[in-house]
Amino acid sequence: MLDVKLIQSLPQIPPPALTAYLDTNPAHPRNQGLPPNYLSWLKSQAKVLEEGVSGKERKSFREQVQRVKEYLEQNPPRAHSVVIFAGPQVWQFLALRVAVEDELYWGLPSLTQLLWLMDEHRPCGLVLVDRFGARFLRYWMGEMAEEHDETVKVDTTEWRRKDLMPPSQPDVEKLRGSHRDAFEHRVEAQYVRFYAREAEHIREWAERKSLNPVFLAGPAELVELVWAELPKSMYGRTVLIKEDLGHLALPALHARIEPELKRWEREYQRALVDRLLDSGPHAVLGVEETLGHLQQGLLRGVAVVRGLEERVGRCTKCGWTDRGADSVCAACGGERRLTTIRAVLPELVRRYKVPLEVVADEAGGMLRQAGGIGAWLKSSSTLQSPDGPRPS
Ligand SMILES: [Zn+2]
């Protein structure tokens, strides 16, 4: 699974470096020819890019392009896409299971598309419960991995020990029967205790790993037991699947969860946009209002339509960004350059520590009509943040 710590270290890559985002999906017909499309694209795009590379960096640029090309020829990727950062002292190769758009950059490492992908794909959890225990899996960016450290097994040896002792008066059959009943009650009580503890474990795990949603799958009576023990704050982000999925191998489990996640995502995004549009004075809408409030530290959450195309101007000195066409920054007198909201938003929300929600499909259409982007204001304590209760 994609290593968040590694991604956080990428801005430190010394420039100039080559950044390549390539759609390498082998299932894609255009990648089935010889050479595959991503190699031809890399070659032609490198020619275009080289025009803008200064004379003294050209040799290094060509070396890195060649290096990436040779690596891909020798190791044809099986992943949906790859992201490569290549420089004289650096080589970072990420294989992704989600689609990317082909992009090539020279200079500073370009993290924009990667950050968008991370904002778009929320990490979620899957807990499989059965009579033997609870297994924990994480699902993010098309990858599913079991968290073996979290797995908890039911240990019935302790519960049964007392039962193994023969009744002190072996001739009393009746007693033995009631003894068995008592044992079964005791075992039942132990199971209930076990799943109650696991409910707390799930809550703690979901918080620790910022998982949303968490799918809880298993036989109906067990998932209902865990559900009843979950704190109310977990209800919005927990989805019950009353089906024992423990026997499925990871790829099958992945295929089973994917449509559930899509459904959840659609409802979640709809509710999110509904809430934003209903927030009245507690929210702002549109690029200008959102950027302005964001950079004044007034926001607690931003929602944006996936792929929003908007031109904005950005000060090269202080970084202030807005839609104004001035070439000089009003705040610091620095030079302003034209860029796009796509290029600046992931970095801006991180700088101001505001969570970003990327919405698409039907909810995306609703938000697009309202300006393509909007945000919740910090001030009022009565408003619901995007982290508030979710639709169940
Ligand atoms: Zn400025």
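Just a few scattered comments:
- Candidates Leu250, Leu245, Leu294, filtered to the one that is open to solvent by less than 70 Å² (accessible area, probe 1.4 Å), within 16 Å of the ligand (Cβ to nearest atom) and touching a residue at least 60 places away in the same chain (Cβ under 8 Å): Leu294
- Pro88 satisfies every condition listed in (1) under 23 Å from Leu10 (Cα atoms); (2) at pLDDT 95 or above except (2).
- Failed item, numbered, when Pro109 is tested on (1) over 28 Å from the mean Cα position of the chain (by Cα); (2) assigned to a loop (DSSP other than H, G, I, E, B): (1)
- The one condition in (1) within 16 Å of the ligand (Cβ to nearest atom); (2) in a strand (DSSP E or B) that Val284 fails to fulfil: (1)
- Flag if Asp3 is in contact with a Phe, Trp or Tyr (Cβ under 6 Å, 6 or more places away or on another chain) and among the acidic types (Asp, Glu): no
- Remark: pairs (first residue in the stretch 183-212, under 18 Å from Leu137 (Cα atoms); second residue open to solvent by 30 Å² or more (accessible area, probe 1.4 Å); Cβ separation under 6 Å; 6+ apart in sequence or on different chains) = Tyr195/Leu225; Ala199/Glu229; Arg203/Pro231; Leu211/Pro123; Asn212/Arg122; Asn212/Arg237.
- Against the numbered list (1) outside any loop (DSSP other than H, G, I, E, B); (2) open to solvent by 10 Å² or more (accessible area, probe 1.4 Å), Glu101 comes up short only at (1).
- Of the helices (runs of 4 or more DSSP H) lying entirely inside the stretch 1-82, those containing at least 1 residues that are within 30 Å of Glu147 (Cβ to Cβ), in contact with a Leu (Cβ under 7 Å, 6 or more places away or on another chain) and in contact (Cβ under 8 Å) with a residue 60 or more places away in the chain are 4-9.
- Looking only at the stretch 253-266, residues that are in contact (Cβ under 8 Å) with a residue 60 or more places away in the chain and either of a type outside the set (D, E, K, R) or in the same structural domain as Arg237 (by TED's automatic domain parsing) (or both) come to 4 in all.
The values are calculated or read from the model by the stated rules, or taken from the named source; none is laboratory data. Computed from a predicted structure; not experimentally measured. Cβ coordinates were reconstructed from backbone atoms using ideal geometry, including for glycine residues, and neighbour counts include every protein chain displayed. Areas reflect the complete protein model, heavy atoms only, side chains present, ligands, DNA and RNA absent. Shrake-Rupley method; radii C 1.70, N 1.55, O 1.52, S 1.80 Å.
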